[in-house]
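All remarks here apply to the structure that follows.
The values are calculated or read from the model by the stated rules, or taken from the named source; none is laboratory data. Keep in mind the model is a prediction, meaning the values are calculated, not measured. Quick reminder, even Gly has a Cβ in these numbers, built from the backbone with ideal geometry, and neighbours come from all protein chains shown. The accessibility values were calculated without ligands, DNA or RNA, using every heavy atom of the protein model including side chains. Shrake-Rupley method; radii C 1.70, N 1.55, O 1.52, S 1.80 Å.
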Amino acid sequence: MNTRKYIFFVGLLFAMAACKKQNTILFEGAERVSFFIGEYDVDSTSYTFAFDPIKKERDTLFLKMRIQGRTQDRPRTIKVKPGLGTTAVLGEDFLMPEVLLPADSVTINYPVILINTPKMETQALRIVAEVAASEDFLPGGQGLTIGGTKAINSYKIWVSNKPERPVYWDDVEYDFGPFSATRIRFMISVLGISDFSYDTIGAYGTFTYPVILRNALVKYEAANGPLIDEFGERVTF
């Protein structure tokens with residue numbers, strides 16, 4: 001290899017290393033913590049109490065969090081607060097408890113406790129969960145991190161008690177048909193669950209649940225006639 005080619009090769013290696021570092025968060029200085037999501041996931045979700053098989057007064061959404069720094073051999077405090085844009089009322093519509101990260105741990109599922117209040121029957125409330133400083137952690141850096149995940153310091157939750165289209169429905173529409181409140185209520189009554197996301201039901205659910213629903217619908221129609229949704233469309237599976 002001549003000198004010119006060697007210099008070009010070394011320069012190329014340095015350039016590749018520099019590009020890689022741009023997508024890496026450096027863990028230096030104060031201990032930090034952030035939420036994290038998949039690289040292509042969105043930083044928000046929605047939840048409705050309307051489709052629960054049994055009425056709930058409360059429910060909990062878990063948000064993934066990860067430290068940026070070293071583990072410690074003692075529990076450490078993590079705090080989350082309502083961020084700018086929150087329309088729900090802390091202590092009335094939701095709770096954000098202080099939690100302890102177990103000793104020698106890197107990740108934790110943070111619980112946002114949702115409270116089913118009357119106002120949710122007529123409006124969707126927004127909760128912006130934002131990492132807050134604690135005695136052990138500062139809000140973390142943001143950007144791409146290990147494993148194709150993305151660190152973020154806030155996460156948005158829309159919560160209501162109205163029959164709204166779940167954010168995941170595009171992923172399961174091929175299996176269950178177009179969304180309607182009538183359709184999903186029938187699905188809940190037959191299957192006894194209210195979350196039909198692929199993450200919850202998996203491949204098994206996408207193959208077997210439509211068959212179960214078709215058989216149940218045959219029995220329903222034999223007794224009641226066609227099941228018509230709120231859009232005037234006949235429900236089929």
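Kindly indicate whether any position in segment 153-168 is part of a helix (DSSP H, G or I) and of a type in the set (Ser, Thr, Tyr). No, segment 153-168 contains no residue that is part of a helix (DSSP H, G or I) and of a type in the set (Ser, Thr, Tyr).
Look at (1) in contact with a Lys or Arg (Cβ under 9 Å, 6 or more places away or on another chain); (2) in contact (Cβ under 8 Å) with a residue 40 or more places away in the chain and you find that Ile152 fails only one, number (1). Taken together, the residues in segment 106-128 that are in a loop (DSSP other than H, G, I, E, B) and open to solvent by less than 60 Å² (accessible area, probe 1.4 Å) amount to 3. Against the numbered list (1) part of a loop (DSSP other than H, G, I, E, B); (2) open to solvent by 40 Å² or more (accessible area, probe 1.4 Å); (3) closer than 27 Å to Leu61 by Cβ, Thr236 comes up short only at (3).
Close Cβ contacts (under 6 Å, 6 or more residues apart or on different chains) running from residues in segment 201-213 that are surrounded by 16 or more Cβ atoms within 10 Å (Cβ to Cβ) to residues that are part of a helix (DSSP H, G or I) and among the charged types (D, E, K, R) comprise Thr206/Asp175; Pro210/Asp175.
Here Met65 qualifies as under 17 Å from Asp43 (Cβ atoms) and out of contact with any Lys or Arg (no Cβ under 6 Å at 6 or more places or on another chain). Could you tell me whether Phe94 is of a type in the set (Phe, Trp, Tyr), open to solvent by less than 70 Å² (accessible area, probe 1.4 Å) and in contact with a Ser or Thr (Cβ under 8 Å, 6 or more places away or on another chain)? For Phe94, the condition - of a type in the set (Phe, Trp, Tyr), open to solvent by less than 70 Å² (accessible area, probe 1.4 Å) and in contact with a Ser or Thr (Cβ under 8 Å, 6 or more places away or on another chain) - is not met.
The condition (being at pLDDT 95 or above, surrounded by 14 or more Cβ atoms within 10 Å (Cβ to Cβ), in contact with a Lys or Arg (Cβ under 9 Å, 6 or more places away or on another chain) and not hydroxyl-bearing (Ser, Thr, Tyr)) is satisfied by just one residue among Ala132, Ala103: Ala132. Would you be able to say whether some residue in segment 73-80 is of a type in the set (Asp, Glu), modelled with pLDDT of 85 or more and open to solvent by 40 Å² or more (accessible area, probe 1.4 Å)? Yes, that holds for at least one residue. Sub-6 Å Cβ pairs linking a first residue in segment 108-126 that is closer than 16 Å to Thr45 by Cα to a second residue that is open to solvent by 60 Å² or more (accessible area, probe 1.4 Å) and modelled with pLDDT under 95, at least 6 apart or interchain, are Ala124/Trp158; Arg126/Trp158, ordered by first then second residue.
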